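What follows is a set of notes on a single structure, which appears directly below.
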Amino acid sequence: MTESWIKHDMDFLGGRRLRRTRRTPWMRDLVRETVLTQQDLIWPIFVIEGQNERTAVKTMPGVERLSIDLAVKAAKEAAAEGIPALALFPNTRPETRSENGAEAYNPDNLVCRALRAIKDAVPEIGLIADVALDPFTSHGHDGLMRDGHILNDETIDVLIRQALVQSAAGCDIIAPSDMMDGRIGAIRTAMDQAGYQDTAIMAYAAKYASAFYGPFREAVGSGNRLTGDKRTYQMDFGNSEEALREVAMDIEEGADMVMVKPGLPYLDIVRRVKDNFSVPVFAYQVSGEYAMIAIAAEAGAIDRQTAMLESLGAFKRAGASGILTYFALDVARFLNR
Ligand code: PBG
C-alpha cells in the first residue's frame with residue numbers, strides 16, 4: 001500500500017532527477033557553473049614603517065601589518081601562487097596624520113615607498129592603491145572636514161595629488177575609495193594630463209557606509225580617531241537603484257573597473273551591476289567579513305577553509321570578475337595544492 005503510493009507520487013518527475021549530477025565528485029566538477037581560481041584574487045595588505053616588523057591586527061586573526069621589506073617578500077609569495085594583484089593600505093605614523101591629510105600626496109610617504117619597493121622587486125604583480133584620506137587625516141575621515149562637514153570639491157584637489165604621486169611611484173591601478181562626487185573624472189583627466197594614460201582606475205563605485213569596516217580601521221589606525229560616521233558620503237544600505245547610478249557615473253567619468261563593497265551582504269548589488277553594465281565588476285570581502293569567518297573558525301563554530309572557499313565561490317556565482325580578500329594567499333595556496 002505505502003509502496004504503490006510512493007511510486008504513483010514520483011511519476012510526475014518523468015525521469016527528471018537533479019541529484020544525478022551531484023552523485024560523485026567528478027560529476028560535480030563536470031557540471032559546476034562557476035569556479036574560483038587564483039586569478040580572481042586581489043590581496044589587500046597593510047604596511048607599516050620599520051625593518052623586519054610585523055604586528056598583528058587583533059580583530060583579524062591571521063592578518064598582520066608588514067614593514068616594506070616583509071611586504072616585498074609577501075608580494076613575491078603572492079606572485080608565485082598566481083595572485084594577479086595586491087592592494088596596499090598604509091598604517092601611517094601618528095605624527096604624519098594631520099587635519100588636511102597632506103601626507104597623502106607626499107611622494108615619499110609609506111604607500112609610495114612600498115609601491116616602489118614592490119614594483120622594483122616583483123614587477124610581475126599588479127599594484128593597486130587606495131585614493132582616500134583616512135590613513136592620513138587626524139580625524140579619520142576620507143575627505144577634508146570643515147565644521148564637521150566633509151567637503152567634496154576641496155577634497156578632490158587633494159585626491160588628485162594623491163593619485164599622481166601613487167602613479168609616479170608605480171601604482172598600476174588607482175582605486176578611489178573616498179566616495180566624493182566627480183572624483184573619477186577629475187582624477188582621470190589629471191592622470192592623462194600628467195602622462196599616466198595607462199594607469200587604470202578601479203572605482204569603489206558602490207561603497208556602503210558599513211559596520212563591517214571596523215577591523216580595517218583598527219588595521220590602518222583610523223578607527224579610534226574617527227568622530228561621527230561616514231554616512232554623509234558612503235551609501236545607505238537600503239539602496240540599490242542608487243548603486244546603479246553611482247556605477248553609471250563612474251563609468252561615464254572614465255572608470256575601467258568598478259567595485260561593490262562590502263561583499264557578501266551586497267551580492268545582490270554585484271549581480272545587478274553585472275547584469276546592467278559591460279564592465280569588470282569587483283567585490284571587496286571586507287575586514288569584518290573576514291573577521292566573522294576567522295573568529296568563528298577559531299571558536300570552533302565553522303571550518304575556516306570550507307567557509308572561506310564557499311564565501312568566495314558565492315562572489316563568483318554573483319558575477320564578480322574578482323574579489324579583494326584577506327584570504328587571498330590562503331586560498332591561492334589551497335587551490336595550487
Ligand atoms: C577607506 C577604506 C575603507 C576600506 C577600504 N578603504 C574603510 C572605510 O571606508 O572606512 C575598508 C576595507 C575593509 O574593511 O576591509 N577609504
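Just a few scattered comments:
- Karplus-derived 3J(HN,Hα), 6.51/-1.76/1.60, for each residue of the stretch 225-239, Hz, glycine and proline x: 8, 5, 10, x, 9, 9, 6, 7, 10, 7, 6, 7, 5, x, 10
- Separation in nanometres of the label points that stand 7 Å from Cα toward Cβ, at Arg304 and Asp192: 4.7 nm
- Neighbour counts of C-beta atoms inside 10 Å place Asp181, Asp134, Asp9, Asp172 in the sequence Asp9, Asp181, Asp172, Asp134, starting with the fewest.
- Over the C-alpha atoms of the stretch 36-336, the Rg to Rh ratio, Rh being the Kirkwood estimate, stands at 0.93.
- Label reach from Glu77 (point 7 Å along Cα→C-beta): in the stretch 273-304, amide nitrogens under 20 Å belong to 287, 290-291, 294-295, 298, 304.
- Simple spin-label estimate for Leu151 and Asn239 in nanometres, 7 Å along Cα-Cβ: 2.4 nm
- Acute angle (nearest 10 degrees) that the helix 267-276 long axis makes with the longest principal axis of the chain, alpha-carbon atoms: 90 degrees
- Partners for Lys274 among lysines (Cα-Cα distance below 27 Å; same-chain residues under 8 apart left out): Lys207, Lys230, Lys261, Lys316
- Least to most buried among Ser98, Ser287, Ser311 (fewest other Cβ within 10 Å first): Ser98, Ser311, Ser287
- Per residue Cα convex hull volume in Å³ - calculated over the stretch 1-132: 219 Å³
- Each residue of the stretch 280-295 was assigned a 3J(HN,Hα) from its phi angle through the Karplus curve 6.51 cos²θ - 1.76 cosθ + 1.60 (θ = phi - 60°); the sequence is x, 10, 10, 9, 10, 7, 6, 3, x, 5, 4, 4, 4, 6, 5, 6 Hz, with glycine and proline shown as x.
- For Met235, nonlocal amide neighbours, meaning residues 5 or more places apart or on other chains whose placed amide H falls under 5 Å from its own, are Lys207, Tyr208, Ala209.
- Principal-axis analysis of the Cα atoms of the chain puts helix 304-318 at an angle of about 90° to the longest axis.
- Other-chain or far-sequence residues with amide H under 5 Å of Ile201's (modelled H): Ile174, Asp256, Met257
- At the listed q of 0.24 Å⁻¹, the Debye profile of the stretch 255-294, built from one uniform point per Cα, gives log10 I(q)/I(0) equal to -0.74.
- For the stretch 251-306 and the stretch 175-250, distance of Cα centres in Å: 15 Å
- Computed [θ] at 222 nm, deg cm²/dmol, the chain (DSSP H ≥ 4; -39,500 (n - 2.57); rounded to nearest 500): -12000 deg cm²/dmol
- GluC sites (Glu not before Pro) restricted to the stretch 1-110 and DSSP loop, no more than 13 other C-beta within 10 Å: Glu33, Glu99
- Antiparallel content of DSSP bridges confined to the stretch 1-115, in %, to 5: 25 percent
- Extension gain (nm, one decimal) between Met10 and Glu252, 0.36 nm per residue minus Cα-Cα: 81.7 nm
- Residues whose amide H lies under 5 Å from that of Val63, counting only those 5 or more places away or on a different chain, are Val57; hydrogens are built 1.01 Å from N in the peptide plane.
- Computed over the stretch 139-217, the quotient of the alpha carbon radius of gyration and 2.2 N^0.38 Å is 1.15.
- Considering only the stretch 36-336, percent of DSSP beta bridges that pair antiparallel, nearest 5: 15 percent
- Backbone N within the stretch 175-198 under 15 Å of label point (7 Å from Phe277 Cα along the Cβ vector): 175-186, 188
Where a number appears in this text, it was derived from the coordinates with a stated rule and is not lab data. Bear in mind that the values here come from a model prediction, so they are computed numbers and not experimental data. Please note: Cβ atoms are built from the backbone with ideal geometry, for glycine as well, and neighbour counts cover all protein chains shown.
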